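**Student:** There's a structure below that I have some questions on.
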Amino acid sequence: MNWTEFALAVVTSAVGAVGGLGGAVLLVPFLVLTGTTPRAAAPLGLVSVAAGSSAAGARQLSAGLVNHRLGITTELFASGGAVAGALASGLASDRALKLVLAAVAFAAGVLSAKRKGIRNLPAEGLTSGDVGEHFGSLSGVYQLADGFVPYRAKRLPSGAALFGVAGILAGLSGASGGFVKTPATSEVMHVPVRVAAATTTFTIGVTSAAGLIVFALQDRLNLLSCATICAGSIVGATVGSAVQSRLGPAHVRRFLSAALVVVAVVLVVRA
Amino acid sequence: MNDRHDAARLDSPIAGVAPTLRIASALVLLTSLVGAIVGGNFGTVAAGISVAVIVAVPLLRVAALGVHWWSVGDRRFAIIAAALLVVVGSGAIIAAL
């Protein structure tokens, strides 16, 4: 076993699960820095995201944090964008793309850090029996400490447009786009950050699965390296999702903000 | 918002999804560890199983959600789920060409 790959997968997947980012945006640059070629690192990044999404999913689902209707609706725009981005790949230089990604990550991190307080507050009269998502709408209730918080996704057109952009960036770069999706869901659509992070963890699994099918068809998967990354990512994501479930929204937002700034710096350095 | 919430109908989650995800994760962890540690042909087969499972799980989850929403009458979101699978499949085909 390649212990360096394993350790990188554990750490980056744990960070990705806490912030709802997916670990690939951190893992891929670090793999390249440790000698893996970018062509080989990209599929390993998607393996990490898919494994982390699967491992974190059960806990987040049981906690009633995932809004599937919201995730699938927004993922439709992201996947459409990803197809467009994949078709358009080659039109933008790697350096320009990395700088755009860095600017988006930095802006999202700063905006997330600037906001104070909790937007969605617990409501009277709700119980644990109300936790979950609602029939026919992009709304639901989640548990926050001893309270129960209702929420409803707002500004769907703006959010969908950002998801489309995230998809285009993902299609161009091979990243999962989670570092755009979670802030877009939280800051633009006003969905509580823990719900946004958990829902993004679900959707990036779908995106990664689609990408991995392509890489498999192109014979770009080194299965033994995939296995190492897979094992490390499951361990990391299990730890990360356990940590996330114990943190309040303000802590998750601060963590997310810090992680986004780190991502932006890594991208600028790589550009 | 509370008034709207009071009128909202809670959708029961699909039974068995969380346990299935746990079993899938355990299977992936087991097969990926075997693949990474053992290596060789046996390890490669085990690693292939782990990758196949992590690809299949999210797509099957979307399909199951679509079927569930269709069965409970939430047709709009069932169609969105089907459309998502079509987009994902089309993207894979286009990119592979």
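**Student:** Output wanted: per-residue J couplings in Hz (rounded whole) for the range A:196-211, from phi through Karplus 6.51 cos²θ - 1.76 cosθ + 1.60, θ = phi - 60°, x for Gly and Pro.
**Tutor:** 4, 5, 5, 5, 5, 4, 5, 5, 5, x, 5, 4, 5, 4, 4, x
**Student:** With a ≥ b ≥ c taken as the square roots of the eigenvalues of the C-alpha gyration tensor of the range B:3-96, please select rounded if a/c is under 1.5 and otherwise prolate if a/b is larger than b/c or oblate if it is not?
**Tutor:** Details: a/c = 4.07, a/b = 1.84, b/c = 2.22.
Here the range B:3-96 falls in the oblate category.
**Student:** Which of A:VAL15, A:VAL83, A:VAL141 ends up with the largest GNM mean-square fluctuation for chain A, with Cα atoms connected below 10 Å?
**Tutor:** Maximum fluctuation in the GNM of chain A, among the listed residues, is at A:VAL83.
**Student:** Sort A:LEU260, A:LEU126 by accessible area with a 1.4 Å probe, largest first.
**Tutor:** My answer, sorted largest first, is A:LEU126, A:LEU260.
**Student:** For peptide A:139-149, compute the average count of partner chain beta-carbon atoms within 10 Å of each residue's beta-carbon. List each step's numbers first, then the result.
**Tutor:** Numbers: counts 4, 4, 3, 0, 0, 0, 0, 0, 0, 1, 0.
Average neighbour count from other chains, rounded to a whole number: 1.
**Student:** Express in Å², to the nearest 10, the accessible area of A:THR36 obtained by rolling a 1.4 Å probe over the protein heavy atoms while all chains stay in place.
**Tutor:** Roughly 30 Å² of A:THR36 is accessible to a 1.4 Å probe.
**Student:** Which cross-chain or sequence-distant (5 or more) residues have an amide H under 5 Å from the amide H of A:LEU144, H modelled 1.01 Å from N in plane?
**Tutor:** HN-HN under 5 Å from A:LEU144: A:VAL149.
**Student:** Nearest 10 degrees, 0 to 90: what angle lies between the long axis of helix A:3-19 and the longest principal axis of chain A (Cα atoms)?
**Tutor:** Relative to chain A, helix A:3-19 is tipped by roughly 30 degrees.
**Student:** For chain A, which longest stretch is free of loop sites, where a loop site is one of the trypsin sites (Lys or Arg not before Pro) that DSSP puts outside H, G, I, E and B and that has at most 16 other Cβ atoms within 10 Å? Present the calculation step by step, with values, prior to reporting the outcome.
**Tutor:** On the way: sites that count: A:ARG115, A:LYS116, A:ARG119, A:LYS154, A:ARG155, A:ARG220.
Counting at most 16 other Cβ atoms within 10 Å as exposed, the longest clean stretch of chain A is A:1-114.
**Student:** Here is a further query. Considering the Cα trace of the protein assembly as shown, what is its radius of gyration and what is Dmax, both in angstroms?
**Tutor:** 19.0, 61
**Student:** So which trypsin sites (Lys or Arg not before Pro) in chain B pass both tests, a DSSP loop state and at most 11 other Cβ atoms within 10 Å of the Cβ?
**Tutor:** Counting only loop positions with at most 11 other Cβ atoms within 10 Å, the trypsin sites (Lys or Arg not before Pro) in chain B are B:ARG9.
**Student:** R0 = 51 Å: FRET efficiency of A:HIS251 with B:ALA63, Cβ-based, nearest 0.05?
**Tutor:** 0.90
**Student:** ³J(HN,Hα) across the range B:10-23 via Karplus (A = 6.51, B = -1.76, C = 1.60, θ = phi - 60°), whole Hz, x for Gly/Pro?
**Tutor:** 6, 8, 5, x, 5, 5, x, 5, 4, x, 5, 5, 5, 5
**Student:** Using alpha carbons only, how many degrees (0 to 90, rounded to 10) separate the axis of helix A:24-33 from the longest principal axis of chain A?
**Tutor:** 30
**Student:** How many partner chain Cβ atoms sit within 10 Å of a residue's Cβ in peptide A:53-64, on average, as a whole number?
**Tutor:** 6
**Student:** Based solely on its DSSP helices, what 222 nm [θ] is calculated for the protein assembly as shown when runs of n ≥ 4 H residues each add -39,500 (n - 2.57) and the sum is averaged over all residues, nearest 500 deg cm²/dmol?
**Tutor:** Values: 14 runs with 271 residues, N = 368.
Result for the protein assembly as shown: -25000 deg cm²/dmol, rounded to the nearest 500.
**Student:** Of B:ASP11, A:ASP219, which has the most accessible area with a 1.4 Å probe, and how do the rest follow in descending order? The partial results should precede the final answer.
**Tutor:** Values: B:ASP11 20, A:ASP219 130 Å².
Per-residue accessible area, sorted high to low, gives A:ASP219, B:ASP11.
The values are calculated or read from the model by the stated rules, or taken from the named source; none is laboratory data. This structure is a prediction, so every number in the text was calculated from the model and none was measured. Backbone-built Cβ (ideal geometry, glycine too); neighbour counts: all protein chains shown. These area figures cover heavy atoms from the full protein model, side chains too; ligands, DNA and RNA do not enter into them. Shrake-Rupley method; radii C 1.70, N 1.55, O 1.52, S 1.80 Å.
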